[in-house]
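If you scroll down you'll find the structure; I have some questions about it.
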Amino acid sequence: MKRYLLIVLLLIIAFTLPLYADAYIMSVFNTILVFMALGLSWDMMLRTGQLSFGTAGFFGLGAYASVLIVANMGFNPVLSLFIGAAFSGLIAFALGFIVLRLRGIYFAITTLALTHVFSVIIRNISDLTGGASGTQLSTAIFNGNPTKIYYMILIIALFTILLSEIFSRSRIHYAINSIRNDETTAKSSGIDVFKYLLFVFVVTSAIQGLVGAAYAQQYAFVNPESTFSLNFLLLPLAMALVGGIYSTNGPIIGALILGLISEYLKLIMPYGHLVVYGLIIIVVVLFLPQGVYTPIKNKLLKSSIVGGDSNAQT
Amino acid sequence: MSLSLKKTYTIILILAIFMIIVGFWNPNALMNGLQRGSLYALIALPLALVLGILGVLNLAHGEFLTVGFYFIYMLNTRFGMDPLVSIIPTIIFLAILGGIIYYLTVRKVVNKGHLSQLLITFGVSLVLMEVVNIIWTSQARNVYTQYAYASTEIGGFRFGTYELIYILSAVAVLVGLQLFLKKTRLGQATFAVGQNPKGAKIVGINVEYVYLFVFSLAIAILGIVAGTMLPRTAIFPAVGNPFTLKSFALSAMAGLGNLNGILFAGILLGIGESAINYMPNYSGWSDIVFFGVLIIVIIARSYKGAK
């Protein structure tokens, strides 16, 4: 019961934020929500045991698809968000047949190389994409109204959270977990490993495309350097790690912690505040392989009389 | 780890044909590619060594190179030391730095899964890059030396002589590594650990020590790269970053542990990249060579493995 009360409380805070927060606070939360959604989508792929480094690539593809379709064909910006998601999903579907054969470091490195390939291609077909200088839209989505933009990103983040919960509660999570734990066993118990991997890969890439489209529409601008920036891989990854991987709550908590810390560090340390991210990644991998969420939850569960549900990830 | 030349015959054949074609088309592209390719191979060798022996893909490889650059830059600006002379102190410095970082971080994940290994070296790369960024800011810097811009002419074809040092160093490092692995006791132990760490432990090899040594050695080699490259390169905190993935591309193309193959693969891709660079209107596509080849090789290997 307490759990639902907390969720409702958080939702109320999230939805009423524009009433009492100024534009700066909202932009901070926009960034946090964007990275939260990316972190969750990365984690959803990781739950199948595949470490993807392609988050920034599909983010960039969605951003480009959405901006170009508005700039060249005059599409409605809101509609273009879905085009961005669909485009990333489609590319992921086509590439999935090839790259999902790979495992371990080879999958990770190939997805990272794909990110570079996307950015090189986009930089070189300059007739369509504007080349290295990128493409600019005349106006941001909703004419740059910060409240509406905040709600748009909030809804995308909530949608991702919902999807992640569905993934970890419905029948599909048995298949996903068993693929991660032991692929051979999963295969021999009748799970079509490739089908599930492809499904998760396409869905998570589409989310990354959607987030990319929303992010690009918010600033009305894409260029190869900043849109395919590896920050859209590193920061979500660090957030998911800090919060705790293989769960929905982990990346959410991680995004809030790191997002607020980095905003503060940016103010006091203009150069190299990312060093903190590096240190956090190292410390978490070495000492807190489960992130901060699971140990804290276990402690709370032990101290409280109410047992709570025991669907903790092992 | 395989040291035989047999595996590399195909690569050598392709390379020879390719070199002749490019050489006839544009000798500048061939020369430039040869120099550039040796440099890539020189950087990839230590990465392949760590990958082959420890089984760890060191994502901080390029950042260690960056640190080497800045160390030499510092020696140059503070004490006026020549970049080529400062290779010696830089090797010592990088060996110690590599050893410390190995001891603090990588050591603890050598026997764990890929996820931890990739993430931790990734964290190290972020820390190194950002520390450089904090100390020296993101402003580009360079060191000017007269000799780096010397050039010579043979039969009407003019080329820079300084870059030939890349070819020399790549061959020297490769031969040195091979001699070390074959002739010395420690090298043979290293070779054994690379083939089978458990077996090596049983016959009394100190595997922990070999790992530490190999990691230090690999990072130290980057000191040579940094010293030879600096006179011709402007440095900034992210300068080493692209070399990590390129080095992995070469290691994957040559096959795990095939050190000779890396030199040939490096020259092949170097010439490919430089040939595209010399094509009018298409020079922007040259960046795709490495990543494209990397993806194709990895996927081709996966199909071959499945059969």
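The values are calculated or read from the model by the stated rules, or taken from the named source; none is laboratory data. These numbers were taken from a predicted model, which means no experiment stands behind them. Note that we place each Cβ from the backbone using ideal geometry, even for glycine, and neighbour counts take in every protein chain shown.
Scanning for something over 30 Å from A:Ala71 (Cβ atoms), away from chain B (no Cβ under 14 Å), among the β-branched types (Val, Ile, Thr) and surrounded by fewer than 19 Cβ atoms within 10 Å (Cβ to Cβ), does the range A:253-269 turn up at least one residue?
Yes.
Specify which of the listed residues (A:Phe228, A:Phe287) is out of contact with any helix residue (DSSP H, G or I) (no Cβ under 9 Å at 6 or more places or on another chain), within 29 Å of B:Val132 (Cβ to Cβ) and modelled with pLDDT of 85 or more.
Just a single option satisfies the conditions, and that option is A:Phe287.
Output the residues belonging to the range A:115-130 that are buried (at least 20 other Cβ atoms within 10 Å of the Cβ), more than 9 Å from chain B (Cβ to nearest Cβ) and over 21 Å from the mean Cα position of the chain (by Cα).
Selection gives A:Ile122, A:Thr129, A:Gly130.
Taking the range B:133-151 on its own, how many of its residues are more than 8 Å from every other protein chain (Cβ to nearest Cβ) and in a helix (DSSP H, G or I)?
Total satisfying the criteria: 6.
Matching residues to (1) closer than 20 Å to B:Ile91 by Cβ; (2) within 13 Å of chain A (Cβ to nearest Cβ); (3) crowded, with 24+ Cβ neighbours inside 10 Å:
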{"position": "B:Met229", "(1), (2), (3)": "yes, no, yes"}
{"position": "B:Ser251", "(1), (2), (3)": "no, yes, yes"}
{"position": "B:Ala265", "(1), (2), (3)": "no, no, yes"}
{"position": "B:Asn281", "(1), (2), (3)": "no, yes, no"}
{"position": "B:Ser302", "(1), (2), (3)": "no, yes, no"}
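If you don't mind, another one. Any chance the range A:223-231 includes a residue that's under 13 Å from the mean Cα position of the chain (by Cα), within 30 Å of A:Asn143 (Cβ to Cβ) and of a type in the set (Val, Ile, Thr)?
No, there is no match, as no residue in the range A:223-231 is under 13 Å from the mean Cα position of the chain (by Cα), within 30 Å of A:Asn143 (Cβ to Cβ) and of a type in the set (Val, Ile, Thr).
Could I ask something else about it? Scan the helices (runs of 4 or more DSSP H) fully inside the range B:215-307 and keep the ones with 3 or more residues being closer than 17 Å to B:Asn32 by Cα and out of contact with any Pro (no Cβ under 9 Å at 6 or more places or on another chain).
Those helices (runs of 4 or more DSSP H) span B:259-278.
Within the bounds of the range A:241-251, is there any residue that is among the hydrophobic types (A, V, I, L, M, F, W, C) and farther than 19 Å from A:Phe29 by Cβ?
Yes - at least one qualifying residue is present in the range A:241-251.
Which of the following residues is within 9 Å of chain B (Cβ to nearest Cβ), under 16 Å from the mean Cα position of the chain (by Cα) and either buried (at least 22 other Cβ atoms within 10 Å of the Cβ) or part of a helix (DSSP H, G or I) (or both): A:Leu112, A:Leu163, A:Leu158, A:Leu154?
On inspection, the qualifying residue turns out to be A:Leu112.
Tell me, which residue of the range A:281-294 that is more than 8 Å from chain B (Cβ to nearest Cβ) and among the β-branched types (Val, Ile, Thr) is farthest from the chain's Cα centre (by Cα)?
Once the filter is applied, the top-ranked residue is A:Val283.
Just wondering, is there one or more residues in the range B:70-79 that are within 14 Å of another protein chain (Cβ to nearest Cβ) and either surrounded by 22 or more Cβ atoms within 10 Å (Cβ to Cβ) or touching a helix residue (DSSP H, G or I) at 6+ places or on another chain (Cβ under 8 Å) (or both)?
yes
Something else about it: Which of the numbered conditions does B:Ser38 fail, given that it passes all the others? Conditions: (1) among the polar types (S, T, N, Q); (2) more than 19 Å from B:Phe248 (Cα to Cα); (3) buried (at least 23 other Cβ atoms within 10 Å of the Cβ).
(2)
Based on what the data block shows, is B:Val210 at pLDDT below 90 and among the aliphatic types (A, V, I, L, M)?
No.
Check the range A:81-95 and report whether any residue there is more than 13 Å from chain B (Cβ to nearest Cβ), polar (S, T, N, Q) and closer than 19 Å to A:Leu233 by Cα.
yes
Condition check: under 15 Å from A:Gly278 (Cβ atoms) and crowded, with 17+ Cβ neighbours inside 10 Å. Does B:Asn58 satisfy that?
When the stated conditions are applied, B:Asn58 passes them.
Among the residues of the range A:273-280, is there at least one that is surrounded by fewer than 17 Cβ atoms within 10 Å (Cβ to Cβ) and within 14 Å of chain B (Cβ to nearest Cβ)?
Yes; the residues of the range A:273-280 include at least one that is surrounded by fewer than 17 Cβ atoms within 10 Å (Cβ to Cβ) and within 14 Å of chain B (Cβ to nearest Cβ).
Which number in (1) within 14 Å of chain B (Cβ to nearest Cβ); (2) outside any helix (DSSP H, G or I) marks the one condition that A:Thr139 misses?
Exception for A:Thr139: condition (1).
For the range A:99-109, enumerate the residues that are in contact with a helix residue (DSSP H, G or I) (Cβ under 6 Å, 6 or more places away or on another chain) and more than 7 Å from chain B (Cβ to nearest Cβ).
Within the range A:99-109, A:Val99, A:Leu100 qualify.
May I ask you to list the residues in the range A:59-94 that are crowded, with 21+ Cβ neighbours inside 10 Å and closer than 15 Å to A:Leu198 by Cα?
A:Ser88, A:Gly89, A:Ile91, A:Ala92
Just to check your reading of the model, which residue among A:Phe194, A:Phe142, A:Phe228, A:Phe199 is crowded, with 20+ Cβ neighbours inside 10 Å and of a type in the set (A, V, I, L, M, F, W, C)?
None of the other options fit; the residue is A:Phe228.
Mind listing whichever residues of the range B:115-132 are facing another protein chain (nearest Cβ under 7 Å) and modelled with pLDDT of 80 or more?
Listed by number, the residues that qualify are B:Ser116, B:Leu118, B:Leu119, B:Ile120, B:Phe122, B:Gly123, B:Val124, B:Leu126, B:Val127, B:Glu130, B:Val131.
Can you name every residue in the range B:231-242 that is crowded, with 24+ Cβ neighbours inside 10 Å and either modelled with pLDDT under 85 or within 15 Å of the chain's Cα centre (by Cα) (or both)?
Result: B:Gly240, single match.
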